[in-house]
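Notes to accompany the following structure.
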Amino acid sequence: MTTFTSGTRALVTGASSGLGLALAQQLARAGSRVLATDIHAEAPAELLAAGDVTYLTLDVTNDAHWDRAYTWVVENFDGLDLLFNNAGVAAGGRIELSEIDQWQWIIDINLLGVVRGCKQFVPMLKEQGSGHIVNTASAAGLVHAPTMSEYNA
């Protein structure tokens, strides 16, 4: 298992709750400098209390938000070591009753949010010659829960 050294520069999407919150907190407690992001305007207090954490509102479906995050990373971290594309949403219901808008919402966040993050930061990581990207996925992609077709996709 990789051990993160003090000063590791990390960006975590979906950092206001769940796995993203736990990732950001653990990274900060291990001495990493963390840019924690989420769609919400304000960070949870327990996130900011974890250590060297800065919070930035980031809607992963919004290219301008990704541009702002990239600029922040360049100006404050001078590079990036870890990108955690973790933001995601779920919805359920019977397929014959589901709306296309719901499918588009889930795909834009869960799939294209990851694509946007990779497209934004891969050039930086290549130029640095270092860095890692972790794209969070759900086991639901392999083991399909009933009435969760949009999420399972």
Notebook entry, point to check: Can you name the condition, by its number, that D108 falls short on among (1) in contact (Cβ under 8 Å) with a residue 24 or more places away in the chain; (2) acidic (D, E); (3) touching a helix residue (DSSP H, G or I) at 6+ places or on another chain (Cβ under 6 Å)?
Noted result: (3)
Next item on the list: All but one of (1) in contact with a strand residue (DSSP E or B) (Cβ under 8 Å, 6 or more places away or on another chain); (2) among the small types (G, A, S); (3) modelled with pLDDT under 95 hold for S6, so report the exception by its number.
Entry: (1)
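Can you tell me which residue within the stretch 61-80, out of those that are part of a loop (DSSP other than H, G, I, E, B), surrounded by fewer than 20 Cβ atoms within 10 Å (Cβ to Cβ) and not small (G, A, S), is farthest from the chain's Cα centre (by Cα)?
We begin by selecting, within the stretch 61-80, every residue part of a loop (DSSP other than H, G, I, E, B); these are 61-62, 78-80.
In the following step, the residues that additionally are surrounded by fewer than 20 Cβ atoms within 10 Å (Cβ to Cβ) were identified as 61-62, 78-79.
Then drop every residue that is not not small (G, A, S), which leaves 61-62, 78.
Working: T61: 11, N62: 13, D78: 19 Å.
The selected residue is D78.
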Item checked: Residue list for the stretch 135-152, filter: loosely packed, with under 13 Cβ neighbours inside 10 Å and either farther than 23 Å from A15 by Cβ or modelled with pLDDT of 95 or more (or both) -> L142, V143, P146
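Listed residues L48, L11, L56, L35; which is surrounded by fewer than 19 Cβ atoms within 10 Å (Cβ to Cβ), under 19 Å from E75 (Cα atoms), in contact with a strand residue (DSSP E or B) (Cβ under 7 Å, 6 or more places away or on another chain) and not polar (S, T, N, Q)? Break it down stepwise before answering.
Numbers: L48 fails: under 19 Å from E75 (Cα atoms); L11 fails: surrounded by fewer than 19 Cβ atoms within 10 Å (Cβ to Cβ); L35 fails: surrounded by fewer than 19 Cβ atoms within 10 Å (Cβ to Cβ).
When all the criteria are applied, what remains is L56.
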Note to self: Can you tell me which condition V89 does not meet? The list is (1) of a type outside the set (K, R); (2) assigned to a helix (DSSP H, G or I); (3) in contact (Cβ under 8 Å) with a residue 12 or more places away in the chain, and all the others hold.
What the structure shows: (2)
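The values are calculated or read from the model by the stated rules, or taken from the named source; none is laboratory data. Just so it is clear, the structure is predicted and the values come from calculations on it, not from any experiment. Here the Cβ is made from the backbone with ideal geometry for all residues, glycine too, and neighbour counts use every protein chain on show.
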